[in-house]
1. Of all residues in region 83-116, which are of a type in the set (A, V, I, L, M) and within 17 Å of S232 (Cβ to Cβ)?
2. Just checking, which of T37, T91 is modelled with pLDDT of 95 or more and more than 15 Å from L177 (Cα to Cα)?
3. Criterion first (loosely packed, with under 13 Cβ neighbours inside 10 Å and at pLDDT below 90) does G152 satisfy it?
4. Quick test for you: out of L177, L227, L185, pick the one residue that is at pLDDT below 80 and either surrounded by fewer than 20 Cβ atoms within 10 Å (Cβ to Cβ) or within 17 Å of L119 (Cα to Cα) (or both).
5. Identify, please: which residue in region 100-139 is modelled with pLDDT under 85 and of a type in the set (S, T, Y) and is, among those, nearest to the chain's Cα centre (by Cα)?
6. Out of the residues in region 198-214 that are crowded, with 18+ Cβ neighbours inside 10 Å and within 16 Å of F155 (Cα to Cα), which is modelled with the highest pLDDT?
7. Return the residue satisfying two criteria in turn: it lies in region 70-88 and is modelled with pLDDT under 75 and of a type in the set (G, A, S), and of such residues it is surrounded by the fewest Cβ atoms within 10 Å (Cβ to Cβ).
Amino acid sequence: MHRSGLRRRRNHRAVSSVIAVVILVAITVVLVGVLATFRFNFPTQSPKVWYVAEGNESEEAWGDPTDCSNTSIYASCDPLPAVFLSVTSFTPSFIPLNQLQLIFICNGTQLMNGSLTALSIVPGSGSNPGSGAPVLKNCGTWNWGSGLGTSGTFFNRLLYYQQKTPGIPGIEEGDILVVYSHPKLDFTDRSGNFPDDDYHGAPLWCFTVENACTLYLDYTSGTSTSLVFSISLFQLSGV
């Protein structure tokens, strides 16, 4: 074979290689451009909240004027036994209170359902829960008493959310969920009602009967809801 024919074949192969590289680069550029037009919504991790449970606490009965010396501003109220759930940390760095929903299941029924925004009060401020605040429903077949407890008492006779910095829109380390526990059956309120005319917190059997009463904290974003944590009040009996 002549050397000139060999050179032509080598040149042809070289040109083909160059064309292939150019085509490959062009395809890569096109693919990158197409991919750049898409936004991938990768699943995000549900918010998490960590807390420490503190038992054998007491808190004034801010939600019950029958246990307060001045019912117009609730300046001084009788203490009731309570459990504190104190926020120690959370992720992500900002979680809106209005997207955190607290649900209290008691004796198989939904006793209360409200956002942490709606459940936030400033103790001793004298401001009652607003018209949109959740009210307490039934606790299975348990009879709260002969008074307001039988028909929709405000939530803050059961529990409330106490912000470390009142009014801020997000959860904060040092916030406390105060859960009242019902006093003994011989409890007499400040007005002399015996047994008490309405409930003062969760019934004692919530803390002594397994799975009788459970708190659920949900995070809601649009149509999506995820569980942040759940805790049985029975778990709090030993704190």
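The values are calculated or read from the model by the stated rules, or taken from the named source; none is laboratory data. Source: prediction; values computed, not measured. Using ideal geometry, Cβ is built from the backbone for each residue, glycine included, and neighbour counts are taken over all protein chains shown.
1. V83, L85, L102, I103, I105, L111, M112
2. On the way: T37 fails: modelled with pLDDT of 95 or more.
Residue meeting the stated conditions: T91.
3. yes
4. L185
5. S131
6. The qualifying residue modelled with the highest pLDDT is C213.
7. Filtering first and then ranking leaves S72.
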